[in-house]
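The values are calculated or read from the model by the stated rules, or taken from the named source; none is laboratory data. Note that the coordinates shown come from a computational prediction; the quantities given were computed from them, not determined experimentally. All Cβ positions, glycine included, derive from the backbone under ideal geometry; neighbour counts span all protein chains shown.
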Ligand SMILES: Cc1cc2nc3c(=O)[nH]c(=O)nc-3n(C[C@H](O)[C@H](O)[C@H](O)COP(=O)(O)OP(=O)(O)OC[C@H]3O[C@@H](n4cnc5c(N)ncnc54)[C@H](O)[C@@H]3O)c2cc1C
């Protein structure tokens with residue numbers, strides 16, 4: 001008699017759940033639970049019609065870089081997701097809209113080279129910021145050759161100890177990293193220094209920024225191929241039984257599985273667990289922040305004319321805890337290039353004209369502190385226990401900034417523990 005395929009539930013369809021389901025689908029009978037009515041990664045994608053053409057806009061836009069996103073890029077390449085280079089050069093303006101620092105990028109042979117733009121070309125203050133930035137990256141690269149020396153140091157402490165130039169830190173570095181990590185400046189400072197520097201020294205600037213050419217609509221179906229997807233199925237409880245785990249959907253059915261991979265965010269995962277007190281306690285250490293994203297056509301949120309600015313505009317009012325960041329989507333997403341100009345603003349400090357707003361979405365995102373990092377290391381230790389059936393995937397689980405790559409990293413780690421070869425590592429067939 002053929003051996004019964006073990007059953008496995010994946011809870012959540014962000015990139016962590018999708019990649020886990022895809023990796024595990026051949027060796028396990030996979031059922032995916034998603035609380036939303038569509039797979040989570042594409043749940044906020046909207047239609048955009050202008051100049052007689054209809055396109056899809058992912059909310060939020062997701063970008064990545066070659067140096068930092070090894071797992072994500074390997075997965076995308078393996079399943080055939082086409083990627084494109086995208087320009088993410090920035091313009092940094094103060095609260096009155098006066099330009100503090102403005103740079104552009106050009107690409108040569110796979111390298112992205114930055115240069116000062118507009119007034120910054122002749123502005124001594126902008127040159128000072130640029131030189132402080134160069135010194136910061138040179139020092140960070142040297143320090144990351146021996147990251148052990150940074151253990152227990154927060155990024156804020158590192159900036160102080162390394163005497164990083166304050167104009168560069170306040171005008172460029174903190175605003176850039178607060179949008180990358182979707183959190184306020186203090187949370188950026190609270191990150192462990194080596195995690196933050198690992199990202200900053202991975203070549204994000206030099207190797208350029210990329211995005212999926214056709215957006216999330218091209219990613220989700222590829223990763224859900226061959227698995228059972230249950231949408232509108234918010235999991236309310238995961239309980240341990242005899243040699244199995246029981247998954248109960250809110251107001252609905254219970255099903256038992258040999259294994260359960262929880263791929264919701266930490267606080268959502270914690271709320272599902274019945275028993276598992278030690279894991280719950282660890283999950284509860286993960287800090288998170290909530291912020292808003294607006295998609296709109298209101299050019300007045302920019303510190304200048306859209307056609308004279310680099311694609312990413314930072315608005316940094318004095319005393320604010322986060323910057324407001326507007327991305328010109330028409331410039332950064334190739335499939336929108338021939339349509340009317342449309343923007344995405346993270347943390348809108350000023351509201352766009354309501355008649356020009358296409359969507360507004362609130363997002364919650366984990367951050368990392370030394371305490372949460374230690375707790376996640378202990379959570380990963382549970383995966384090594386004999387007979388473990390409960391697994392955790394998600395951007396918060398890996399020892400990195402909680403970005404797309406961390407999420408895929410965490411599902412690769414779980415798949416390996418479950419004895420599944422990773423196709424791009426082993427050359428194994430799909
Ligand atoms: C505004 C913003 C911009 C970002 N931009 C980028 C970027 O450009 N590049 C990048 O690398 N990263 C970016 N990120 C981060 C990236 O989006 C996350 O790292 C990634 O989404 C994490 O994936 P995940 O699968 O761990 O979690 P999530 O994407 O949060 O997925 C969790 C899933 O679980 C589902 N779920 C929750 N509770 C339940 C339940 N009880 N039952 C069933 N399902 C449940 C949710 O509906 C969701 O689908 C951005 C984040 C934000 C907020």
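Being out of contact with any strand residue (DSSP E or B) (no Cβ under 9 Å at 6 or more places or on another chain) and touching a residue at least 40 places away in the same chain (Cβ under 8 Å) is true for just one of 249, 235, 220. Which residue is that?
220
Exactly one residue out of 224, 282 is touching a helix residue (DSSP H, G or I) at 6+ places or on another chain (Cβ under 7 Å), more than 14 Å from the ligand (Cβ to nearest atom), outside the structural domain of residue 61 (by TED's automatic domain parsing) and at negative phi: that is 282.
Limited to segment 20-45, what total is found for residues that are more than 12 Å from residue 223 (Cβ to Cβ), within 11 Å of the ligand (Cβ to nearest atom) and assigned to a strand (DSSP E or B)?
Number satisfying all stated conditions: 1.
Report whether or not residue 300 is more than 12 Å from the ligand (Cβ to nearest atom), outside the structural domain of residue 91 (by TED's automatic domain parsing) and more than 28 Å from residue 68 (Cα to Cα). When the stated conditions are applied, residue 300 does not pass them.
Scanning segment 390-412 for residues that are more than 10 Å from the ligand (Cβ to nearest atom) and either without any contact (Cβ under 8 Å) to a residue 24 or more places away in the chain or surrounded by fewer than 17 Cβ atoms within 10 Å (Cβ to Cβ) (or both) gives a single hit, 399.
Out of segment 269-279, which residues are modelled with pLDDT of 95 or more and either more than 15 Å from the ligand (Cβ to nearest atom) or part of a loop (DSSP other than H, G, I, E, B) (or both)? Working first, answer last.
Narrowing segment 269-279 to residues modelled with pLDDT of 95 or more: 269-274, 276-279.
If the condition is that a residue be modelled with pLDDT of 95 or more and either more than 15 Å from the ligand (Cβ to nearest atom) or part of a loop (DSSP other than H, G, I, E, B) (or both), then 276, 277, 278, 279 are the ones that fit.
Each residue in segment 332-355 was checked for being outside any loop (DSSP other than H, G, I, E, B) and in contact with a helix residue (DSSP H, G or I) (Cβ under 9 Å, 6 or more places away or on another chain), and 5 pass. Looking only at segment 375-384, decide whether some residue is away from the ligand (no atom under 14 Å from the Cβ), within 29 Å of residue 150 (Cα to Cα) and part of a loop (DSSP other than H, G, I, E, B). Checking segment 375-384: at least one residue is away from the ligand (no atom under 14 Å from the Cβ), within 29 Å of residue 150 (Cα to Cα) and part of a loop (DSSP other than H, G, I, E, B). Restricting attention to segment 118-139, does a residue exist that is assigned by TED's automatic domain parsing to the domain that holds residue 304, in a helix (DSSP H, G or I) and on the phi > 0 side of the Ramachandran plot? There is at least one residue in segment 118-139 that is assigned by TED's automatic domain parsing to the domain that holds residue 304, in a helix (DSSP H, G or I) and on the phi > 0 side of the Ramachandran plot. More than 28 Å from residue 311 (Cα to Cα), more than 9 Å from the ligand (Cβ to nearest atom) and buried (at least 17 other Cβ atoms within 10 Å of the Cβ), is that true of residue 48? Judged against the criteria, residue 48 is not a match. A count restricted to segment 227-249 and to residues that are over 21 Å from residue 393 (Cβ atoms) and near the ligand (Cβ under 10 Å from one of its atoms) stands at 1. Would you check if residue 263 is within 11 Å of the ligand (Cβ to nearest atom), under 23 Å from the mean Cα position of the chain (by Cα) and not assigned by TED's automatic domain parsing to the domain that holds residue 334? For residue 263, the condition - within 11 Å of the ligand (Cβ to nearest atom), under 23 Å from the mean Cα position of the chain (by Cα) and not assigned by TED's automatic domain parsing to the domain that holds residue 334 - is met. Pick from segment 357-373 the residues that are in contact with a helix residue (DSSP H, G or I) (Cβ under 9 Å, 6 or more places away or on another chain) and part of a helix (DSSP H, G or I): which of them is farthest from the ligand (Cβ to nearest atom)? Filtering segment 357-373 for residues that are in contact with a helix residue (DSSP H, G or I) (Cβ under 9 Å, 6 or more places away or on another chain) and part of a helix (DSSP H, G or I), the one farthest from the ligand (Cβ to nearest atom) comes out as 370. Selection within segment 186-210: residues that are modelled with pLDDT under 95 and not in a loop (DSSP other than H, G, I, E, B). The member of this set that is surrounded by the most Cβ atoms within 10 Å (Cβ to Cβ) is 209.
Going by the structure shown, is residue 66 more than 9 Å from the ligand (Cβ to nearest atom), in contact with a strand residue (DSSP E or B) (Cβ under 8 Å, 6 or more places away or on another chain) and assigned by TED's automatic domain parsing to the domain that holds residue 342? So residue 66 fits the description; yes.
Could you please let me know if residue 87 is within 20 Å of the chain's Cα centre (by Cα), in contact (Cβ under 8 Å) with a residue 60 or more places away in the chain and surrounded by fewer than 19 Cβ atoms within 10 Å (Cβ to Cβ)?
yes
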